[in-house]
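The values are calculated or read from the model by the stated rules, or taken from the named source; none is laboratory data. Please read these numbers as outputs of a predicted model, since none were measured by experiment. Every residue, glycine as well, gets a Cβ built from its backbone with ideal geometry; the counts of neighbours run over all protein chains shown. Surface areas here come from the heavy atoms of the whole protein model, side chains and all, with no ligands, DNA or RNA. Shrake-Rupley method; radii C 1.70, N 1.55, O 1.52, S 1.80 Å.
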Amino acid sequence: MSKRDFYDVLGVNRDASEDDIKKAYRKLAMKYHPDRNPDSKEAEEKFKEVKEAYEILSDSQKRGAYDQFGHAGVDPQAGAGGGGAGFGGFGDFADIFSDIFGGGRGGAGGGRSNVYRGADLRYNLDISLEEAARGCEKQIRIPSHEDCEVCHGTGAKPGTQPKTCSTCGGHGQVRMSQGFFSIQQTCPTCHGTGKQISDPCTSCHGAGQKKTTKTLNVKIPAGVDEGDRIRLSGEGEPGQNGGPAGDLYVVTHIKQHAVFQRDGMDLHCEMPISFATAALGGEVEIPTLDGMAKVKIAAETQSGRVYRLRGKGVKAVRGTDYGDLHCHVVVETPVKLTERQKELLREFEAISQGDVAMHNPRSKSFMDKLRDFFE
(Lines give C-alpha, C1' and ligand atoms only; values in the text may rest on other atoms or scores of the structure.)
Protein backbone atom coordinates (compact mmCIF):
# COMPACT_ATOMS: atom_id res chain seq x y z
CA MET A 1 0.00 0.00 0.00
CA SER A 2 1.44 3.40 -1.01
CA LYS A 3 2.16 5.99 1.64
CA ARG A 4 -0.03 9.05 1.89
CA ASP A 5 1.48 12.45 1.26
CA PHE A 6 3.00 13.65 4.56
CA TYR A 7 1.47 17.12 4.21
CA ASP A 8 -1.92 15.48 3.65
CA VAL A 9 -1.41 13.32 6.76
CA LEU A 10 -0.93 16.41 8.93
CA GLY A 11 -3.54 18.45 7.02
CA VAL A 12 -1.22 21.38 6.25
CA ASN A 13 -0.12 23.17 3.09
CA ARG A 14 3.28 22.51 1.57
CA ASP A 15 4.39 26.03 2.52
CA ALA A 16 3.34 25.58 6.16
CA SER A 17 5.66 27.02 8.80
CA GLU A 18 7.41 24.94 11.47
CA ASP A 19 4.89 26.19 14.06
CA ASP A 20 1.94 25.17 11.86
CA ILE A 21 3.42 21.70 11.43
CA LYS A 22 4.08 21.37 15.16
CA LYS A 23 0.53 22.48 16.06
CA ALA A 24 -1.01 20.06 13.56
CA TYR A 25 1.14 17.21 14.89
CA ARG A 26 0.26 17.88 18.54
CA LYS A 27 -3.44 17.98 17.75
CA LEU A 28 -3.43 14.72 15.79
CA ALA A 29 -1.03 12.97 18.18
CA MET A 30 -3.36 13.69 21.10
CA LYS A 31 -6.34 12.50 19.06
CA TYR A 32 -4.81 9.16 18.02
CA HIS A 33 -2.53 8.46 20.99
CA PRO A 34 -2.80 4.79 22.07
CA ASP A 35 -3.50 5.81 25.67
CA ARG A 36 -6.64 7.59 24.51
CA ASN A 37 -7.63 4.82 22.11
CA PRO A 38 -6.95 1.51 23.87
CA ASP A 39 -7.46 -1.61 21.74
CA SER A 40 -7.93 0.49 18.58
CA LYS A 41 -5.70 -0.83 15.81
CA GLU A 42 -6.83 1.95 13.47
CA ALA A 43 -5.87 4.70 15.94
CA GLU A 44 -2.49 3.03 16.48
CA GLU A 45 -1.78 3.03 12.74
CA LYS A 46 -2.91 6.65 12.45
CA PHE A 47 -0.60 7.61 15.33
CA LYS A 48 2.37 5.93 13.64
CA GLU A 49 1.54 7.65 10.34
CA VAL A 50 1.30 11.08 11.99
CA LYS A 51 4.54 10.51 13.92
CA GLU A 52 6.42 9.51 10.76
CA ALA A 53 5.11 12.55 8.86
CA TYR A 54 6.18 14.89 11.67
CA GLU A 55 9.65 13.36 11.93
CA ILE A 56 10.24 14.15 8.26
CA LEU A 57 8.59 17.58 7.98
CA SER A 58 10.03 18.92 11.26
CA ASP A 59 13.59 18.30 10.00
CA SER A 60 14.59 20.96 7.45
CA GLN A 61 16.99 18.67 5.56
CA LYS A 62 14.58 15.75 5.41
CA ARG A 63 11.75 18.08 4.44
CA GLY A 64 13.84 19.51 1.62
CA ALA A 65 14.60 16.02 0.32
CA TYR A 66 10.94 15.06 0.59
CA ASP A 67 9.80 18.21 -1.22
CA GLN A 68 12.22 17.48 -4.05
CA PHE A 69 11.93 13.71 -4.43
CA GLY A 70 8.79 12.68 -2.52
CA HIS A 71 8.93 9.54 -0.38
CA ALA A 72 11.95 8.27 -2.30
CA GLY A 73 13.99 11.18 -0.99
CA VAL A 74 13.55 10.08 2.64
CA ASP A 75 13.37 6.31 2.15
CA PRO A 76 16.69 4.85 3.36
CA GLN A 77 16.25 1.89 1.01
CA ALA A 78 15.88 4.16 -2.00
CA GLY A 79 18.95 6.31 -1.36
CA ALA A 80 19.00 10.05 -0.76
CA GLY A 81 17.98 12.08 -3.77
CA GLY A 82 17.25 8.99 -5.88
CA GLY A 83 14.13 8.28 -7.84
CA GLY A 84 13.90 4.52 -7.45
CA ALA A 85 11.27 2.05 -6.40
CA GLY A 86 8.99 3.19 -3.62
CA PHE A 87 8.23 6.56 -5.25
CA GLY A 88 5.27 5.03 -7.02
CA GLY A 89 4.23 3.22 -3.87
CA PHE A 90 4.76 -0.39 -5.05
CA GLY A 91 8.30 -1.43 -4.12
CA ASP A 92 9.59 -5.00 -4.21
CA PHE A 93 6.17 -6.67 -4.08
CA ALA A 94 5.27 -5.05 -7.40
CA ASP A 95 8.50 -6.45 -8.83
CA ILE A 96 7.67 -9.96 -7.62
CA PHE A 97 4.13 -9.90 -9.05
CA SER A 98 5.48 -8.44 -12.28
CA ASP A 99 7.86 -11.38 -12.63
CA ILE A 100 5.16 -13.95 -11.86
CA PHE A 101 2.54 -12.59 -14.25
CA GLY A 102 4.87 -11.38 -16.98
CA GLY A 103 4.26 -7.70 -16.26
CA GLY A 104 6.70 -4.87 -16.54
CA ARG A 105 6.85 -1.39 -17.91
CA GLY A 106 9.06 -1.91 -20.91
CA GLY A 107 12.59 -0.77 -21.50
CA ALA A 108 15.64 -1.65 -23.49
CA GLY A 109 16.57 -5.29 -23.54
CA GLY A 110 13.29 -6.38 -21.98
CA GLY A 111 14.13 -4.59 -18.70
CA ARG A 112 12.01 -2.11 -16.75
CA SER A 113 12.09 1.59 -17.53
CA ASN A 114 11.03 2.56 -13.99
CA VAL A 115 8.69 5.30 -15.15
CA TYR A 116 6.69 6.54 -12.18
CA ARG A 117 3.79 8.92 -11.96
CA GLY A 118 4.32 11.86 -9.61
CA ALA A 119 2.52 12.02 -6.29
CA ASP A 120 -0.74 13.94 -5.90
CA LEU A 121 -0.60 17.10 -3.77
CA ARG A 122 -3.15 18.89 -1.59
CA TYR A 123 -3.60 22.62 -1.00
CA ASN A 124 -6.00 23.99 1.65
CA LEU A 125 -7.68 27.17 0.41
CA ASP A 126 -9.65 29.47 2.73
CA ILE A 127 -12.44 31.46 1.05
CA SER A 128 -15.30 33.61 2.31
CA LEU A 129 -18.95 32.58 2.20
CA GLU A 130 -19.60 35.22 -0.47
CA GLU A 131 -16.80 33.82 -2.64
CA ALA A 132 -18.13 30.30 -2.21
CA ALA A 133 -21.66 31.38 -3.10
CA ARG A 134 -20.81 33.47 -6.16
CA GLY A 135 -17.69 31.70 -7.38
CA CYS A 136 -14.33 33.41 -7.80
CA GLU A 137 -10.80 33.02 -9.11
CA LYS A 138 -7.87 32.71 -6.73
CA GLN A 139 -4.12 32.75 -7.19
CA ILE A 140 -2.12 30.25 -5.17
CA ARG A 141 1.62 29.68 -4.87
CA ILE A 142 2.90 26.14 -4.46
CA PRO A 143 6.37 24.56 -4.27
CA SER A 144 7.42 23.04 -7.57
CA HIS A 145 10.42 21.73 -9.50
CA GLU A 146 11.74 22.63 -12.92
CA ASP A 147 14.50 21.24 -15.09
CA CYS A 148 17.92 22.69 -14.33
CA GLU A 149 18.67 25.40 -16.91
CA VAL A 150 22.34 24.43 -16.96
CA CYS A 151 22.14 20.68 -17.64
CA HIS A 152 18.57 20.75 -19.08
CA GLY A 153 17.44 18.04 -16.70
CA THR A 154 20.14 15.45 -17.36
CA GLY A 155 21.92 16.00 -14.05
CA ALA A 156 25.29 15.77 -15.83
CA LYS A 157 27.78 18.57 -16.30
CA PRO A 158 27.37 20.36 -19.65
CA GLY A 159 29.40 18.60 -22.30
CA THR A 160 29.00 15.22 -20.59
CA GLN A 161 26.20 12.67 -20.57
CA PRO A 162 24.96 10.17 -17.99
CA LYS A 163 26.35 6.70 -18.60
CA THR A 164 24.53 3.41 -18.55
CA CYS A 165 24.65 1.90 -15.08
CA SER A 166 27.35 -0.75 -14.90
CA THR A 167 25.52 -2.69 -12.20
CA CYS A 168 22.12 -3.20 -13.84
CA GLY A 169 23.04 -2.54 -17.48
CA GLY A 170 20.55 0.31 -17.68
CA HIS A 171 17.53 -1.73 -16.57
CA GLY A 172 17.25 -0.04 -13.19
CA GLN A 173 16.65 -3.45 -11.57
CA VAL A 174 18.85 -6.29 -10.38
CA ARG A 175 17.93 -9.88 -9.59
CA MET A 176 18.77 -11.47 -6.28
CA SER A 177 18.42 -15.18 -5.65
CA GLN A 178 16.97 -16.24 -2.31
CA GLY A 179 16.66 -19.99 -2.20
CA PHE A 180 14.24 -21.11 -4.89
CA PHE A 181 13.10 -17.54 -5.56
CA SER A 182 14.64 -14.94 -7.82
CA ILE A 183 13.62 -11.49 -6.60
CA GLN A 184 13.91 -8.38 -8.72
CA GLN A 185 14.91 -5.28 -6.78
CA THR A 186 15.84 -1.66 -7.42
CA CYS A 187 19.45 -1.27 -8.46
CA PRO A 188 21.41 0.00 -5.42
CA THR A 189 23.86 1.89 -7.65
CA CYS A 190 21.58 4.01 -9.84
CA HIS A 191 18.47 3.77 -7.61
CA GLY A 192 16.33 2.61 -10.51
CA THR A 193 17.23 5.28 -13.07
CA GLY A 194 19.46 3.00 -15.16
CA LYS A 195 22.03 5.81 -15.43
CA GLN A 196 25.16 6.85 -13.61
CA ILE A 197 26.45 10.41 -13.46
CA SER A 198 30.21 10.48 -13.05
CA ASP A 199 30.50 14.26 -13.46
CA PRO A 200 27.38 15.87 -11.93
CA CYS A 201 26.10 19.31 -12.83
CA THR A 202 27.49 21.93 -10.43
CA SER A 203 24.23 23.90 -10.49
CA CYS A 204 21.78 21.14 -9.46
CA HIS A 205 24.38 18.72 -8.03
CA GLY A 206 23.18 15.92 -10.26
CA ALA A 207 19.49 16.15 -9.37
CA GLY A 208 18.50 17.47 -12.81
CA GLN A 209 15.86 19.68 -11.19
CA LYS A 210 15.71 22.75 -9.01
CA LYS A 211 13.20 23.72 -6.37
CA THR A 212 11.03 26.68 -7.28
CA THR A 213 7.60 28.17 -6.66
CA LYS A 214 4.87 28.48 -9.23
CA THR A 215 1.69 30.55 -9.26
CA LEU A 216 -1.56 28.96 -10.37
CA ASN A 217 -4.99 30.44 -11.05
CA VAL A 218 -7.78 28.39 -9.49
CA LYS A 219 -11.37 28.89 -10.65
CA ILE A 220 -13.77 28.32 -7.76
CA PRO A 221 -17.24 27.42 -9.06
CA ALA A 222 -20.28 28.99 -7.43
CA GLY A 223 -21.79 26.83 -4.70
CA VAL A 224 -18.69 25.04 -3.40
CA ASP A 225 -18.96 23.88 0.19
CA GLU A 226 -16.63 22.99 3.04
CA GLY A 227 -14.20 20.24 2.06
CA ASP A 228 -14.97 20.25 -1.69
CA ARG A 229 -12.00 19.35 -3.88
CA ILE A 230 -10.97 21.00 -7.14
CA ARG A 231 -8.54 18.96 -9.22
CA LEU A 232 -5.79 20.63 -11.24
CA SER A 233 -4.55 17.91 -13.54
CA GLY A 234 -0.78 17.56 -13.89
CA GLU A 235 0.06 20.19 -11.24
CA GLY A 236 1.28 17.72 -8.61
CA GLU A 237 4.77 16.34 -8.08
CA PRO A 238 6.70 15.67 -11.30
CA GLY A 239 7.01 12.09 -12.48
CA GLN A 240 10.20 10.11 -12.46
CA ASN A 241 12.09 9.05 -15.57
CA GLY A 242 9.60 10.72 -17.90
CA GLY A 243 6.50 9.63 -15.99
CA PRO A 244 3.43 11.89 -15.87
CA ALA A 245 3.07 14.46 -13.12
CA GLY A 246 0.55 13.94 -10.34
CA ASP A 247 -2.51 16.11 -9.74
CA LEU A 248 -3.05 18.99 -7.34
CA TYR A 249 -6.22 18.90 -5.24
CA VAL A 250 -7.36 22.26 -3.91
CA VAL A 251 -9.57 21.70 -0.85
CA THR A 252 -11.93 24.57 0.01
CA HIS A 253 -12.51 25.73 3.57
CA ILE A 254 -15.28 28.28 4.20
CA LYS A 255 -14.49 31.03 6.71
CA GLN A 256 -16.95 31.70 9.50
CA HIS A 257 -19.43 34.44 8.57
CA ALA A 258 -20.51 37.27 10.87
CA VAL A 259 -24.20 36.98 9.96
CA PHE A 260 -25.02 33.73 8.19
CA GLN A 261 -24.64 30.05 9.01
CA ARG A 262 -24.63 27.70 6.04
CA ASP A 263 -26.45 24.38 5.84
CA GLY A 264 -25.90 22.93 2.38
CA MET A 265 -27.64 25.28 -0.05
CA ASP A 266 -29.62 27.02 2.72
CA LEU A 267 -28.56 29.94 4.89
CA HIS A 268 -29.72 30.77 8.42
CA CYS A 269 -29.54 34.00 10.37
CA GLU A 270 -30.99 35.60 13.49
CA MET A 271 -33.45 38.45 12.98
CA PRO A 272 -33.80 40.62 16.14
CA ILE A 273 -37.00 42.66 16.31
CA SER A 274 -38.32 45.08 18.92
CA PHE A 275 -41.00 44.26 21.47
CA ALA A 276 -43.38 46.68 19.74
CA THR A 277 -42.78 45.23 16.24
CA ALA A 278 -43.35 41.71 17.56
CA ALA A 279 -46.65 42.70 19.15
CA LEU A 280 -48.05 45.06 16.49
CA GLY A 281 -46.35 43.78 13.34
CA GLY A 282 -44.28 45.79 10.94
CA GLU A 283 -41.51 45.60 8.39
CA VAL A 284 -37.78 45.07 8.94
CA GLU A 285 -34.76 45.05 6.65
CA ILE A 286 -32.33 42.16 6.72
CA PRO A 287 -29.12 41.49 4.78
CA THR A 288 -28.84 38.80 2.10
CA LEU A 289 -25.95 37.78 -0.15
CA ASP A 290 -27.59 39.93 -2.87
CA GLY A 291 -28.16 43.03 -0.73
CA MET A 292 -30.86 44.18 1.69
CA ALA A 293 -34.36 42.67 1.65
CA LYS A 294 -37.56 43.61 3.47
CA VAL A 295 -39.49 41.13 5.60
CA LYS A 296 -43.08 41.75 6.76
CA ILE A 297 -43.52 40.77 10.39
CA ALA A 298 -46.98 39.55 11.36
CA ALA A 299 -48.61 40.92 14.52
CA GLU A 300 -48.17 38.83 17.69
CA THR A 301 -44.97 37.21 16.40
CA GLN A 302 -43.11 35.14 19.00
CA SER A 303 -39.38 34.43 19.37
CA GLY A 304 -38.33 31.37 17.40
CA ARG A 305 -40.63 31.95 14.45
CA VAL A 306 -38.86 31.42 11.13
CA TYR A 307 -39.42 33.50 8.02
CA ARG A 308 -38.18 31.92 4.80
CA LEU A 309 -36.95 33.92 1.81
CA ARG A 310 -37.00 31.60 -1.17
CA GLY A 311 -34.04 31.60 -3.52
CA LYS A 312 -31.88 33.76 -1.22
CA GLY A 313 -29.54 30.93 -0.27
CA VAL A 314 -26.57 29.43 -2.12
CA LYS A 315 -26.59 28.14 -5.68
CA ALA A 316 -26.13 24.41 -6.23
CA VAL A 317 -22.57 23.70 -7.36
CA ARG A 318 -24.04 21.47 -10.08
CA GLY A 319 -27.28 22.88 -11.44
CA THR A 320 -29.24 26.10 -11.38
CA ASP A 321 -31.26 25.71 -8.15
CA TYR A 322 -30.80 28.05 -5.19
CA GLY A 323 -31.35 27.39 -1.50
CA ASP A 324 -33.41 29.53 0.87
CA LEU A 325 -32.60 32.04 3.59
CA HIS A 326 -34.19 31.18 6.95
CA CYS A 327 -34.59 34.16 9.29
CA HIS A 328 -35.07 33.15 12.95
CA VAL A 329 -36.97 35.78 14.93
CA VAL A 330 -35.50 36.93 18.23
CA VAL A 331 -37.69 39.37 20.19
CA GLU A 332 -35.29 41.76 21.85
CA THR A 333 -35.97 42.95 25.39
CA PRO A 334 -35.48 46.75 25.64
CA VAL A 335 -32.63 47.96 27.85
CA LYS A 336 -31.58 51.24 29.51
CA LEU A 337 -35.19 52.38 29.88
CA THR A 338 -36.13 55.91 30.93
CA GLU A 339 -38.44 56.48 33.89
CA ARG A 340 -41.28 57.32 31.51
CA GLN A 341 -40.76 54.07 29.58
CA LYS A 342 -40.73 52.07 32.81
CA GLU A 343 -43.92 53.79 33.93
CA LEU A 344 -45.68 52.90 30.67
CA LEU A 345 -44.54 49.27 30.89
CA ARG A 346 -45.82 48.98 34.49
CA GLU A 347 -49.13 50.43 33.35
CA PHE A 348 -49.23 47.97 30.44
CA GLU A 349 -48.43 45.07 32.79
CA ALA A 350 -51.21 46.10 35.19
CA ILE A 351 -53.74 46.29 32.37
CA SER A 352 -52.66 42.91 30.99
CA GLN A 353 -53.16 41.13 34.32
CA GLY A 354 -56.90 41.32 33.79
CA ASP A 355 -56.90 38.54 31.19
CA VAL A 356 -53.61 36.61 31.14
CA ALA A 357 -55.02 33.83 28.96
CA MET A 358 -55.83 36.30 26.19
CA HIS A 359 -52.64 38.37 26.24
CA ASN A 360 -50.09 35.73 27.32
CA PRO A 361 -51.29 32.33 26.03
CA ARG A 362 -47.90 30.68 26.50
CA SER A 363 -47.69 31.75 30.12
CA LYS A 364 -51.24 30.48 30.73
CA SER A 365 -50.39 27.16 29.10
CA PHE A 366 -47.17 26.85 31.09
CA MET A 367 -48.89 27.52 34.42
CA ASP A 368 -51.60 24.96 33.58
CA LYS A 369 -48.93 22.35 32.91
CA LEU A 370 -47.21 23.14 36.22
CA ARG A 371 -50.49 22.80 38.08
CA ASP A 372 -51.21 19.45 36.46
CA PHE A 373 -47.69 18.30 37.28
CA PHE A 374 -47.93 19.03 41.02
CA GLU A 375 -51.49 17.77 41.48
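Surface composition of the stretch 142-285: carbon and sulfur atoms hold 50% of the protein heavy-atom accessible area at a 1.4 Å probe. Taken per residue, the accessible surface of the stretch 1-74 reaches 61 Å², heavy atoms only and a 1.4 Å probe. Residues whose amide H falls under 5 Å from that of residue 239, counting only those 5 or more places apart or on a different chain, are 118, 245, 246, with hydrogens built in the peptide plane. Couplings 3J(HN,Hα) for the stretch 254-270, derived from phi with the Karplus relation 6.51 cos²θ - 1.76 cosθ + 1.60 (θ = phi - 60°), are 8, 5, 5, 9, 6, 10, 9, 10, 9, 9, x, 8, 8, 10, 10, 8, 8 Hz, where x marks Gly and Pro. Please compute the net charge surrounding residue 287, taking Lys and Arg as +1 and Asp and Glu as -1 over other residues with Cβ under 13 Å from its Cβ. It works out to a net charge of -2.
Packing here is the average count of other Cβ atoms within 10 Å per residue, and on that basis the peptides 257-269, 188-200, highest first, run 188-200, 257-269.
Peptides 126-133, 14-21 ordered by packing proxy, namely the average of other Cβ atoms within 10 Å per residue, highest first: 126-133, 14-21. Taking trypsin sites (Lys or Arg not before Pro) across the stretch 269-333, the ones in a DSSP loop with at most 13 further Cβ atoms lying within 10 angstrom of their Cβ are 310, 318. When you count the other C-beta atoms within 10 angstrom of each residue and take the mean per peptide, 334-345, 228-239, 32-43 line up highest first as 228-239, 32-43, 334-345. Residues in the stretch 262-332 average 59 Å² of solvent-accessible surface per residue, probe 1.4 Å, ligands and nucleic acids excluded. Summing +1 for each Lys or Arg and -1 for each Asp or Glu among the other residues whose beta-carbon sits under 11 angstrom from that of residue 266 gives +2.
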